[in-house]
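Read through the structure below, which is laid out as structure tokens, and then see the notes.
What follows draws every value from the coordinates through simple rules; no lab data is involved. On a predicted model such as this, the values are computed, not experimentally measured, just so you know. Cβ coordinates were reconstructed from backbone atoms using ideal geometry, including for glycine residues, and neighbour counts include every protein chain displayed.
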Amino acid sequence: MKKVLFLCVHNSARSQMGEAFLKRLAPERFEAESAGLEPGTLNPYVVRAMAEAGIDISHNPTKSVFDLHARGAAFDYVITVCSKEAAERCPIFPGRAERIHWPFEDPSSFRGSDEEILARVRSVRDEIERAVRRFISERG
């Protein structure tokens, strides 16, 4: 089974979605985790959008990439999901893993009405799901 780490700055949105979709779509082929450079709290819009897709992440903890490194975790693939603007702050996980970068907008930066923000989060969610499906078909 191949191990995959989804990385972002806060582990509060995009990396959580990537982990959740990979666990749902190919649990027999991949072991997925996610982490961040500065773990925050789960984005409530992301929790809602994932629930709409039938995935409950409401109780997921946010995790530190440093904790994973300290425990000696190793991965076959490390997928960073930071935006192009935040790429310089996106964490790097040491090791021989294949590194992949998927730039997605940061839901924590979205502004507007409740429905406008949720619509943008749904769009990012759907982009991440498509990317995970491509990853599975190419490497699964």
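Residue separation of LYS3 and THR41 scaled by 0.36 nm, minus their Cα-Cα distance, works out to 11.3 nm of gained length. Remark on segment 1-75: Rg and Dmax equal 12.0, 35 Å (Cα only). Helical runs assigned H by DSSP (4 residues or longer) give the chain a calculated mean residue ellipticity at 222 nm of -12000 deg cm²/dmol, each run adding -39500 (n - 2.57) before division by the residue total. Highest-first packing order for the peptide set 126-132, 1-7, 25-31 is 1-7, 126-132, 25-31, based on the mean count of other beta carbon atoms within 10 Å.
Amide H contacts of PHE6: GLU33, SER34, ALA35, ILE79, each under 5 Å away and 5 or more positions distant or on a separate chain (H built 1.01 Å from N in the peptide plane; Pro and chain starts excluded).
Note on HIS69 and ARG48: the extension gain reaches 4.5 nm, defined as 0.36 nm multiplied by sequence separation minus the Cα-Cα distance.
Between GLU127 and SER113, residue separation times 0.36 nm minus the direct Cα-Cα distance comes to 2.9 nm. Convex hull volume of the Cα atoms of the chain, normalised per residue: 99 Å³. Candidates SER12, LEU37, ALA131 compared by Cα position along the dipole of segment 2-139: farthest toward the positive end lies ALA131, with charges placed on Cβ. For the chain, relative contact order (Cα pairs under 8 Å, six or more residues apart, normalised by length) works out to 29 percent.
Couplings 3J(HN,Hα) of segment 62-75, computed from phi: 8, 10, 8, 4, 5, 5, 4, 4, 4, 7, x, 4, 10, 9 Hz, in residue order, whole Hz [Karplus 6.51 cos²θ - 1.76 cosθ + 1.60, θ = phi - 60°; x for Gly and Pro].
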